[in-house]
Amino acid sequence: MDTIYLLMIVALAVLAIADLVVGVSNDAVNFLNSAIGSKAISFKNLMIVASLGIAVGAVFSSGMMEVARKGIFNPGEFMFNEIMIIFMAVMITDILLLDYFNTVGMPTSTTVSIVFELLGAAVAMALIKIGVAGGDFSEIVNYINTSKATQIIFGILLSVVVAFSVGAAVQWVSRLLLSYDFEKKSKWVGAVFGGIALTAITYFILMKGIKGTPYAKVSFDIIGGSTIKDFMENYVLAIVAVASVFWSLLSYLLVHVFKINIYKLIILVGTFALALAFAGNDLVNFIGVPIAAWQSYGAWVESGLAANEFSMGVLASKVPTPSLLLFVAGMIMVVTLWFSSKAKRVVKTEIDLSSQSETKERFEPNFLSRMFVRVGIKASQYTNALIPNTVLKKIDKQFEPIKVQKNTEVAEADKPAFDMVRAAVNLMVASVLISIATSYKLPLSTTYVTFMVAMGTSLADKAWGTESAVYRVAGVLNVIAGWFFTAIIAFTAAATIAYLINISELMIAVLLFVALIILVKNSMSGKKKNGQVDEEELRNAESSSIQGVIQESTKNVANVVKRGQRIYSNAIEGLAKQDLSLLKKNKRQIVKLSKEVNDLRDHVFYFIKNLDESSLGASNFYISLLGDLQDVTQSLEYISKVSFKHVNNNHKKLKYNQIQELKEIDNELNSLLSEIRDIFSQNEFSRIVGVLSKKQSLFDAISSKIEAQVARTRSDESSPKNTTLYFSLLLESKDLINTMMSFSELYHKEYDATIEPATIKED
C-alpha cells in the first residue's frame, strides 16, 4: 500500500506542471494588459521583459510556500495519509477550475482558488476525522488555522477596494497634472513623474527580491553592521527620498539628452516589476502544494511509521524550497507565457473594459450596473455643484482627449486602448500593492489588484462615458461575481473530491482520468477556435464610396444568404421530422446571425464619421443594405421561433400535404438563394436581372399554397395551431423573398464596374 503514496507524488508532480500551464494562461496576462493596451512597445520586447521578471521572481518566492504548508490548516492535526488526500484533491480541483475560466476567457484569481481549495479539502477531512472519532463538530476550529485563513481572506477582499480606490486616485491626480497632451509638457514634468514611478517600482523590486534571498539576513559594515533587510525596513523614508532624487535626475537626463520616452521606460520597468511580483506571489498557487506533498513524503519515509500514524506537524516548521525547483517552475511559466493561446481570450476582456475608445461591448447591462451608474452620475452632479465653474473648466480641459488624425492603414486591433500615462499608473500602483503584500507573506490576489487598478484608472480617466458606462460596470460586476463563484466552487469541489478519495484510493485514478479527458477536450477545442478564422463571420465596411462598400459588403451578403439558406431549410426539416434538437440548434444559429447584423448596424456611426462630404452616398447605400439584412434575420428568427415553439409544445404534426408544400417552397427558395449567393461570391451582378425575374413566380407559388390551405381549412382542417403555423410560415417566407429581392435590386442599381472603388484617405 505504501507504493500508492509514491504514485501520488508522481501524479502531483505532473499536476504541478499542468497547473503552471493553466494558471499562467489565466493569471500572467494580468501584468501584460497595460503594456499591450497602450501599444507602447513591441510585443516581442514586452514578452522578453516579462519573461525576465518571471524568472527572477520565481527564484525569490520561497517564503511564500509556507502558505501552502500551514497557512490555511494546522498540519499537526492531520496524519500523512490524510494530508496527501487533501493535497491531491486541491490539485485536481485547481486544474479543472482554472482551465474552465481560461476556456470562457474570464480572469479569475489563482490565489483565491488555491486558498479555498485548501480550506475546503481540509474542512472535509477534519469533519470525516471528527465523525469517525464521534467527536463534536465544533472541534473543527482546531484543524483550521482560522486566524491566518481569516487574514488571507480579508486581505483578498480588501484588495478589491484598495486597488480600485488607489488606482482611481493616482490616475486622477496624474491626469490632472499631465493631461492627455502629456508629451508636450515640460521635460521636468515627465522627469518628476518618472522619478516617482521608478522609485516606487524599483524600491519594491529590491525590497521583495532581497527579502526572499539568504543575503537579507547577512550584516554588512557599510550599513553600520545591520542586515540589508533591517536597513531597508528602518530607513524607508531616507531610501525613498534619495531614490526619488536619483531617478528624477536620471529621468531628466534620459529625456533631455538621450531623447528617451520616459513613459515607455516606466512601462518596461513596471512590466518587469509586476511580472516579478506575480511570480513571487503566485508561484505558490501552482507548485506550493506539490512541493509540500513531496517534503511530507520525505519526512514520512524517514520516520518509518505507518501512513495513518505519522503526524504532519513537521510541516509547521520552515523548510526552504530548493532553488532548482523554483527555477524549473519559472522556466515552465516563461514557456507558457510565450505559447499560451488561451491567454489572449483573458487579456481581451480586461482591455475592452478599460478601453478609452468605443468597443464592441461584451456584457449586457443589468439592474446593479444601471443603479451604480445612476448613483455615480448623481454623486458627480452634487460634487460639481460645490466646485466653482472656473475650476471645473480647468479640470475638464485636463481630461479632454486630444484629437488624433485618422489613419485607416492601422487596423483597429493595432490601435492603443489607452495612453501611456494610464498604462504607467496601472503598472506602478499594481506592482507596489502586490509587492507590499508579498513582503508580508500575504497572498494578495494578483488578478484582483491588476484588474481593479485598471478599472479604477479607467473610471478616473473618464473612459466610462454615458455611452459605455452601464456595459463596462456590468462587465466588472460579472468578473467580480466570477471571483465569488471561484471561491464557492473551489471550496465545494475540493471538499467533494477529498471525500471521494477518502472512500477509496481508486477514485484518484478515476478523477485523474476524467480531468485528463476534460483538459484534452478543452485544449483541442481551444486550438480549433484559435487556429481557424470564421469565414461566415460578418465584417464592418470601411470604404468611403458606393463602389467600395459594394466590394467590401458582398462577402457579408453572401454569408447572410448562405446561413439564412441553412436556417430556413433546418426549420422546415425540423418541423417535418419533429426534431426538437435541430430546431433548438437552429434558434441558436439565427440568434448569432442577428447579433452580428446588429453589431454591423451599431458600427454605422463610426462608418459615417470616417466619410467626407463627397462620400455621403456610400452611407445611404450602406444603411439601406443593413436595413435589408436586418429584415432578413427578423424573418428567419420568426420562422425558427414559431417552428420550435410548435414542436416544443407538442402540437399536432403538420399534415403530409402541408409538409410537401413547404418543402416545395424550400426547394425553390434554396435554388434562388444558391444563385444569389453565387452572384455575390463571384461579384457577377449582371446576373441579378435573372434573379429579379423569378420574384413573381415565387409569389404566385406561395399564393397558390395559401389558397389551398384556405380550402382545406374550410373543408376538413381540424387543428387551429397547424393552420396558424402554416400561414405564418408562408407569409414570412414571402417577406423573406421580398427582402432578398430588395437588396439584390439595390446592388444591381448601384453597381458600376467602370468606377474604381474609393477608400478613405489618410488626412
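Just so it is clear, none of the values below were taken in a lab; they were calculated from the coordinates. For clarity, every value in this text was computed on a predicted model and none was experimentally measured. Backbone-built Cβ (ideal geometry, glycine too); neighbour counts: all protein chains shown.
List, in the order given, every pair from LYS555/LYS641; LYS585/LYS705; LYS44/LYS595; LYS44/LYS393; LYS264/LYS378; LYS595/LYS655 whose Cα-Cα distance in the structure shown is over 30 Å.
LYS44/LYS595; LYS44/LYS393; LYS264/LYS378; LYS595/LYS655
Rank by packing, highest mean first: peptides 180-187, 469-476, with packing defined as the count of other Cβ atoms within 10 Å averaged across residues.
Put in order of decreasing packing, that is 469-476, 180-187.
Amide H neighbours of ILE144 under 5 Å, counting only residues 5+ apart in sequence or on other chains, H built in-plane at 1.01 Å?
Those qualifying (amide H under 5 Å, at least 5 residues apart or on another chain) are ASN74.
Taking the Cβ of PHE491 as the centre, find all other residues whose Cβ is under 15 Å away and add up their charges (Lys, Arg: +1; Asp, Glu: -1).
Result for the neighbourhood of PHE491: -2.
Order 485-493, 283-291 from most to least packed using the mean count of other Cβ atoms within 10 Å.
283-291, 485-493
Under 8 Å for C-alpha pairs, at least 6 residues apart: give me the relative contact order for segment 546-750, rounded to a whole percent.
32 percent
Find the relative contact order for segment 656-736 and round it to a whole percent, using C-alpha pairs within less than 8 Å whose residues are 6+ positions apart.
For segment 656-736, the relative contact order is 32 percent.
Taking K and R as +1 and D and E as -1, what net charge do the other residues with C-beta under 14 Å from the C-beta of ASN738 add up to?
-3
Could you tell me whether segment 231-346 comes out rounded, prolate or oblate from its Cα gyration tensor? Rule is a ≥ b ≥ c as square roots of the eigenvalues, rounded for a/c under 1.5, then prolate if a/b exceeds b/c, otherwise oblate.
It is oblate, given that a/c is not under 1.5 and a/b is not larger than b/c.
If you look at just the Cα atoms of segment 546-750, how large are its Rg and its Dmax in Å?
18.4, 63
Rank by packing, highest mean first: peptides 509-520, 38-49, with packing defined as the count of other Cβ atoms within 10 Å averaged across residues.
38-49, 509-520
Just add up the charged neighbours of ASN33: K/R +1, D/E -1, any other residue whose Cβ is under 10 Å from the Cβ of ASN33.
That sum, taken over residues with Cβ under 10 Å, equals 0.
Give LYS184/LYS397; LYS259/LYS462; LYS584/LYS653; LYS348/LYS562 a once-over and call out the pairs whose C-alpha atoms are over 20 Å from each other.
On the way: LYS184/LYS397 15 Å; LYS259/LYS462 30 Å; LYS584/LYS653 17 Å; LYS348/LYS562 30 Å.
Result: LYS259/LYS462; LYS348/LYS562 exceed 20 Å.
Between segment 562-597 and segment 668-730, what's the alpha-carbon centroid distance in Å?
17 Å
What residues qualify as long-range amide H neighbours of SER355, i.e. H under 5 Å apart, gap of 5 or more or another chain, H built at 1.01 Å from N?
none
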